[in-house]
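Read the structure below first, then the notes.
The values are calculated or read from the model by the stated rules, or taken from the named source; none is laboratory data. Everything numeric here is computed off the predicted structure, so don't read it as measured data. Don't worry about glycine lacking a Cβ; one is built from the backbone with ideal geometry, like all the others, and counts go over all protein chains shown. The accessibility values were calculated without ligands, DNA or RNA, using every heavy atom of the protein model including side chains. Shrake-Rupley method; radii C 1.70, N 1.55, O 1.52, S 1.80 Å.
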Amino acid sequence: MSDVSTHQPKFDEETLKADVMASSEAGRTTTEYIQHHLQNLVFGVHPENGLSIAHGSEEAAAMGFWAIHLDSMFWSIGLGLLFLWIFKKGADKATSGVPGPLQNFVELIVEFVDENVRETFNGKSEVVAPLALTIFVWVFLMNLMDLIPVDWIPYAAERIGIPYQKIVPSTDVNVTLGMSFSVFALMIYYSLKIKGAGGFFKELAFQPFNSPNVLVQALFVPINLLLEGVALIAKPISLGLRLFGNMYAGELIFILIALLPFYAQWALSVPWALFHILVITLQAFIFMMLTIVYMSMAHEHH
Amino acid sequence: MNINLTLIGQAISFAIFVSLCMKYVWPPVMTALRERQDKIAQSLADAEQGAQRREEAEAEVETMLQDAKAQAAEIVAQAQKRGNEIIDESKATARSEGERLKAAAQSEIEQEVVTAREDLRKQVGSIAVAGAGKILGSEVNAESHAKVLDDLVGQL
């Protein structure tokens, strides 16, 4: 934390000079403004500065893997807790009698998720439905942060001495991949558990090509392994990158709209935000549905 | 946009949130939903039963109502008959009473007539005697001519 304070004077000057609404005119150029908005608050071990918060993307890159995005973690955990808090409250009040408004809301979402799980997932599992619920609501909440005007929180954070603040966790590829790889791990776990190691290997090695002839089959096995292996690895990566890409693009457009003069921004930001309401819900839904589908595939025998 | 520890941090928090959701959120909500489903099914069955019972009761009410109507009609008819009877009876009584009164009056009148005739006869007798006395210039002795006078009165 000592590092933050040493950098602070320089930073305050910058903020004072920079009118956020028209940042291209004062302290920051347009490029700097955009870069600033796309920079996470990275905390890690810098080769020269030691354990510190990175200032700028170069310092962040120099920290390598052993660094953490404080803002992403803060908002994602905060939103996860918000989800649990709301739903726990609804669950505590849950009675079979006449439901209150909160219980109604919670039940509405739970039933929606449950219906989707029932339709897609045929196995029996205690995990899949709560997993789907967590994904849907959590991802939705993380995406929802995109609708907060892009300057509000970063500007306030700068004022209290936090140099960077990216408030939409799902625009951080680490967050989306962190979730999709967790889903992937569950896929592998359930595949091994339900089908056994042999069954799982058979699924990868004897599809899509197979032949009754043993020799030909032996020839097909490596090809199958390659194809199925790529298909398998592609699942978590596409799952994570799809969400990241959508949210990152949306955020970028909000940032670009914020570069317009303040009196003209509404003409673009309002339609984009309205459209984005659809996008964030849809992306949360897609992430959930694909997770259910992958879980269903892991539970099915071939 | 670097891949770093955040990925693992997110994976850990994801696992924690999912397990908490599994433990504290999903089961109570689902239990409540199931229970409510059962309750609603039960209520619907009860409602159906109630409707059936009501239909039965309605049918019963209908028959009772018809019985009551028939009874009422009967009572009214009886009352009407009795009323007519009473009217007829009163008419008959009134008629006989009237006739009786009429007969009494007639007999009284007749009696009066007889009395009046008797009076008149007597007066005519005395007038005739007085007239005859005047004509004859002497007093006619009513007693001595009583026989003549009675004949005269008898002719009247």
Candidates B:67, B:88, B:38, ranked by Gaussian network fluctuation over chain B, Cα under 10 Å, top entry: B:38
Volume of the Cα convex hull of region A:255-302, divided per residue and given in Å³: 68 Å³
Shielding of B:61-74 by partner chains, average beta-carbon count, 10 Å: 0
Largest-first principal axis extents of the Cα set of chain B (Å): 185, 35, 22
Shielding of B:26-39 by partner chains, average beta-carbon count, 10 Å: 6
Efficiency of FRET between residue B:136 and residue B:107 - r from beta-carbon atoms, R0 51 angstrom, step 0.05: 0.75
Computed [θ] at 222 nm, helices only, for chain B once each DSSP H run of length n ≥ 4 contributes -39500 (n - 2.57): -32500 deg cm²/dmol
Convex hull per residue volume in Å³, alpha carbons only, for the protein assembly as shown: 425 Å³
Accessible-area composition of the protein assembly as shown, carbon plus sulfur, in percent [1.4 Å probe]: 65 percent
Directionally averaged shadow of region A:70-299, computed from the convex hull of its alpha-carbon atoms, nm²: 16.9 nm²
Mean Cβ count within 10 Å, highest first, over the residues of peptides B:119-127, A:144-152, A:64-72: A:64-72, A:144-152, B:119-127
Within-13-Å neighbourhood charge of residue A:291 [Cβ basis; K, R +1; D, E -1]: +2
Cα-based Rg / Dmax (Å) for region A:58-108: 18.6, 59
Cα-based Lys proximity count in chain B, under 20 Å, for pairs eight or more positions apart or on separate chains: 6
Ranking by accessible area, most exposed first, for A:125, B:43, A:296 with a 1.4 Å probe: B:43, A:125, A:296
Within straight-line cross-link reach of residue A:202, lysines at Cα separation under 17 Å, skipping those fewer than 8 residues along the same chain: A:193
Spacing of the two label points (7 Å from each Cα toward its C-beta) at residue A:207 and residue B:150, in nm: 16.3 nm
Residue with peak Gaussian network fluctuation, chain A [Cα springs, cutoff 10 Å], from A:189, A:263, A:155: A:263
Within 10 Å of each Cβ in A:137-148, the average number of Cβ atoms from other chains: 1
Rounded to 10°, Cα long-axis angle of helix B:26-136 versus longest principal axis of chain B: 10 degrees
Residue A:273-residue A:152 pseudo-label distance in nm [points 7 Å out on the Cα-to-Cβ vector]: 0.8 nm
Efficiency of FRET between residue B:71 and residue B:94 - r from beta-carbon atoms, R0 45 angstrom, step 0.05: 0.85
Cβ-derived FRET efficiency at R0 30 Å, residue A:281 paired with residue A:95, nearest 0.05: 0.55
